[in-house]
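The structure under discussion appears below in the form of structure tokens.
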Amino acid sequence: MLVEDITDLAIYAVDPRATILSWNSGAEITTGFSSDDMIGQSIVRLYTPQDLASNLPARELEQAMAVGRFESTGWRVRKDRTHFWAKVVVTALRNSANVLEGFGIVVQDLTAQRETERQQYEHALQLAARDAARLEAEERARELGDLVEQISAQTIELERRRAEADSAMRAKTDFLATMSHELLTPLNAIGGYASLLAMGLRGPLTAEQHADVERIRTSQLQLLSLINDLLNFSRIEAGHVAFTVGDVVVSEVVREVAEAMAPHVSERRLVEERAECPDAVVARADRSKVEQILLNLLSNAVKYTPPGGRITWTCSAADDRVRLTIRDTGHGIPADRLEDIFEPFVQVGRGFARPVEGAGLGLSISRDLARAMGGDLTVESAPNAGSAFTLDLPRAR
Ligand code: ADP
């Protein structure tokens, strides 16, 4: 009766051949089998197919018979075929003459406990993983911190170098400006006195003397244009250039510049044409600066195009931009020098076959001026295929 009333343990007795003799309420609750289901039946119904295949029921009883008691844990099967995790204790039952009468079997359902343990284990795993992640994150943060420190140290060093370079640049620009200015005074004097002589105001000149004086004047003018380039460049570099922005009809400027250069164009036996440049193409810019840029581009085209060549102007307007291109059939520029020519003092081919005079400042000045007006100056060219310089400017509304 005592055993019968226990509900949280399955307790049953079997005879030596494993046929069930008794089945308490705990056994009914644990397995779902009633005592009618089980009494007189074999215990094999409670085992999984794998355990049956390995003959576990017989081995359990044999062990218990040999040593008196056998204890194990494993999966057992309920009536509804679900499995439960069981702790099983099998005790051999002998009479006073020590003859085996059967076995007492106590089964405890530990499924819930096992599940709790599994959850605790997983929780512990998660905690460990989280700890590892936290440690790794801390390590990363430390590395990042180091990196940031390195970068800021490098930034400070770069700043220092930039300041150094800036002040070197300023010194150079100041030097250029002062020198150029100082050079202008004697140069103007040379020009003035040469003119006096040429006009015969100091007495008549022989034909030879006249030719010499002309050479002096030509050289003086060349030098003057070089120095003006230098002055212009140093003013732009120092940011001392003022812009008076207004509406500029591109075709007008092109015409004026072309007229001013016409003698040089025909002297070099070049053909100059304005392919298309409608009056409606109007830029928003400083007219005199545009003139200066175009003058530079046209005189380059004249300088670097052999006699018999052709110079063509085209212009167009699209959206908010105005575009003016001057194309020549000259000897062109190698691809790897296309950007260099916009650097100050750069002249392609200087040193071995420098055919023409100049300081190498014209394009640098022109691009600076174009960019200062919100535009740009670009080039397309290939050796022996001519060059096309394009001035891009904001369009007038
Ligand atoms: P400069 O004409 O005084 O040498 P620029 O800055 O105007 O200086 O031009 C730089 C260099 O670019 C020139 O020395 C020349 O090599 C090259 N260049 C400029 N325009 C042309 C052109 N239309 N065709 C070929 N080369 C050119």
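Just for region 381-397: of the residues that are of a type outside the set (Phe, Trp, Tyr) and within 11 Å of the ligand (Cβ to nearest atom), which one is most open to solvent (accessible area, probe 1.4 Å)?
Let us first name the residues in region 381-397 that are of a type outside the set (Phe, Trp, Tyr), namely 381-388, 390-397.
If we keep only those that are within 11 Å of the ligand (Cβ to nearest atom) as well, we get 381-388.
Numbers: SER381: 26, ALA382: 39, PRO383: 76, ASN384: 134, ALA385: 73, GLY386: 5, SER387: 9, ALA388: 9 Å².
Selected residue: ASN384.
Could you tell me which residue of region 79-109 is farthest from TYR47 (Cα to Cα), considering only residues that are touching a Gly at 6+ places or on another chain (Cβ under 8 Å), open to solvent by 60 Å² or more (accessible area, probe 1.4 Å) and not acidic (Asp, Glu)?
Filtering first and then ranking leaves LEU93.
Working only within region 39-61, note down all residues that are in a helix (DSSP H, G or I) and over 17 Å from TYR12 (Cα atoms).
Keep residues of region 39-61 that are in a helix (DSSP H, G or I), which gives 43-46, 49-53, 56-61.
PRO49, GLN50, ASP51, LEU52, ALA53, LEU56, ARG59, listed by residue number.
State all residues of region 242-267 that are assigned to a helix (DSSP H, G or I), of a type outside the set (Ser, Thr, Tyr) and exposed (fewer than 13 other Cβ atoms within 10 Å of the Cβ); if no residue qualifies, say none. Give the derivation first.
Step one: filter region 242-267 for residues assigned to a helix (DSSP H, G or I), giving 250-267.
Going one step further and asking which of them are of a type outside the set (Ser, Thr, Tyr), we end up with 250, 252-265, 267.
The answer is GLU259, ALA262, PRO263, GLU267.
Of the conditions (1) among the acidic types (Asp, Glu); (2) touching a helix residue (DSSP H, G or I) at 6+ places or on another chain (Cβ under 9 Å); (3) farther than 21 Å from ALA370 by Cβ, GLU273 clears all except one; give me its number.
(2)
Based on what the data block shows, is LEU297 surrounded by 15 or more Cβ atoms within 10 Å (Cβ to Cβ), in contact (Cβ under 8 Å) with a residue 60 or more places away in the chain, assigned to a strand (DSSP E or B) and within 11 Å of the ligand (Cβ to nearest atom)? Before you say what the answer is, go through the steps one by one.
Working: surrounded by 15 or more Cβ atoms within 10 Å (Cβ to Cβ): yes; in contact (Cβ under 8 Å) with a residue 60 or more places away in the chain: yes; assigned to a strand (DSSP E or B): no; within 11 Å of the ligand (Cβ to nearest atom): yes.
Spelling it out, it is not the case that LEU297 is surrounded by 15 or more Cβ atoms within 10 Å (Cβ to Cβ), in contact (Cβ under 8 Å) with a residue 60 or more places away in the chain, assigned to a strand (DSSP E or B) and within 11 Å of the ligand (Cβ to nearest atom).
For (1) over 30 Å from VAL77 (Cβ atoms); (2) not in a helix (DSSP H, G or I), each residue gets a yes or a no:
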position: VAL106; (1), (2): no, yes
position: GLU122; (1), (2): no, no
position: LEU127; (1), (2): yes, no
position: GLU138; (1), (2): yes, no
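Give all pairs with beta carbons closer than 8 Å in which a residue from region 344-361 that is farther than 19 Å from GLU237 by Cα and assigned by TED's automatic domain parsing to the domain that holds GLY330 meets a residue that is at pLDDT below 75 and open to solvent by less than 90 Å² (accessible area, probe 1.4 Å); count only pairs at least 6 apart in sequence or on separate chains.
Pairs found: GLN347/GLY358; PRO355/GLY349.
Out of the residues in region 44-70 meeting the condition of being of a type in the set (Ser, Thr, Tyr) and surrounded by 13 or more Cβ atoms within 10 Å (Cβ to Cβ), tell me which one is farthest from ASN98 (Cα to Cα).
Within region 44-70, the subset of a type in the set (Ser, Thr, Tyr) is 47-48, 54.
This time we only want the ones that are surrounded by 13 or more Cβ atoms within 10 Å (Cβ to Cβ), so: 47-48.
On the way: TYR47: 29, THR48: 33 Å.
Among those that are of a type in the set (Ser, Thr, Tyr) and surrounded by 13 or more Cβ atoms within 10 Å (Cβ to Cβ), it is THR48.
The values are calculated or read from the model by the stated rules, or taken from the named source; none is laboratory data. None of these values were measured; they are calculated from a predicted model. Here the Cβ is made from the backbone with ideal geometry for all residues, glycine too, and neighbour counts use every protein chain on show. These accessible areas exclude ligands, DNA and RNA; they are computed on the full protein's heavy atoms, side chains included. Shrake-Rupley method; radii C 1.70, N 1.55, O 1.52, S 1.80 Å.
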